[in-house]
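S.K.: My questions will all concern the structure given below.
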Amino acid sequence: MEDLDVRSALTAYVTEGEPPIGLDGDKILAQGRRSRRTRLLAASAGLLVVLLALGAAVIALPRQGEIAGRSCPSASAGETREQIVDRLSCVVGDAVRSMLPSGARIERLTIPGETPPADPFHLVADPVGAAPQEALFHMGVRVTDERGTGAVYFLGLPSGASSMARCGGADPDRASCDVEQLKEGGLRTGIAHVNGVLSYHASLTSPTMNLEFWSNNSGVLEQKDVRLPVQRPEPTLNAAQVRGLALTPGLG
């Protein structure tokens, strides 16, 4: 399916106490020395506890770009559509979260009347055939951080045949387009600028999956013929991050 056809299909559908002191001089001095030693030992022990706690915190807290304590399922023969959705949702969600700043608020972008899932990255699967893999998998999330509100989208269509990624076609909104042929498949990256809304795109065409990620600077769901408001200076994710998402392992 061509890129524009896939995008059209989606837009047509449309989102963490001191001891006592005696009077004996020698006893007073001895008691003082013992008290001093006790304070020094206590201070040293306290400092060690603080250092160990800080070290544990550094080890325990995941850095930006890491998701702790979660393992996504691997692709396997005979997957049901629900299993494909669960696997792709996990992989996409982990990949996007790893690129967002700490404290960013993530919300599902939904069409009117749609109830958002508990996991904002849980994909929708619109069947396009009888087989489980014959579906249009997609989702969009609104992300709000200190720079404002934007969005991140994913669109995937499993494919049994590879084709060459290419630029061109009737897409006047695409300000730039580049193509790379990689071991994963044909990767196309580009920038679109429509009515002030800036978006970065990356699409991968491979033997197993045709997919696209894009991120813009508007937290309103993209819909056909709807003018989006600009809600931050730049897209939520930069061009390099969007390119990295398209090459995420486990999406095939």
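The values are calculated or read from the model by the stated rules, or taken from the named source; none is laboratory data. Not measured: the values here are computed from a predicted model. When we count neighbours, we look across all protein chains shown, and the Cβ atoms used for this are built from the backbone with ideal geometry, even at glycine.
S.K.: Could you please find all residues in the range 121-145 being under 15 Å from LEU237 (Cβ atoms) and part of a loop (DSSP other than H, G, I, E, B)?
M.R.: The one that is under 15 Å from LEU237 (Cβ atoms) and part of a loop (DSSP other than H, G, I, E, B): PHE121.
S.K.: Let me ask something else about it. So for the range 213-222 (the condition being in a strand (DSSP E or B) and out of contact with any Gly (no Cβ under 7 Å at 6 or more places or on another chain)), does at least one residue qualify?
M.R.: We begin by selecting, within the range 213-222, every residue in a strand (DSSP E or B); these are 213-216.
Filter again for out of contact with any Gly (no Cβ under 7 Å at 6 or more places or on another chain), leaving 213-214.
Yes, some residue in the range 213-222 is in a strand (DSSP E or B) and out of contact with any Gly (no Cβ under 7 Å at 6 or more places or on another chain).
S.K.: Can you pull out every residue in the range 86-122 that is modelled with pLDDT of 95 or more and β-branched (Val, Ile, Thr)?
M.R.: VAL91, VAL92, VAL96, ILE106
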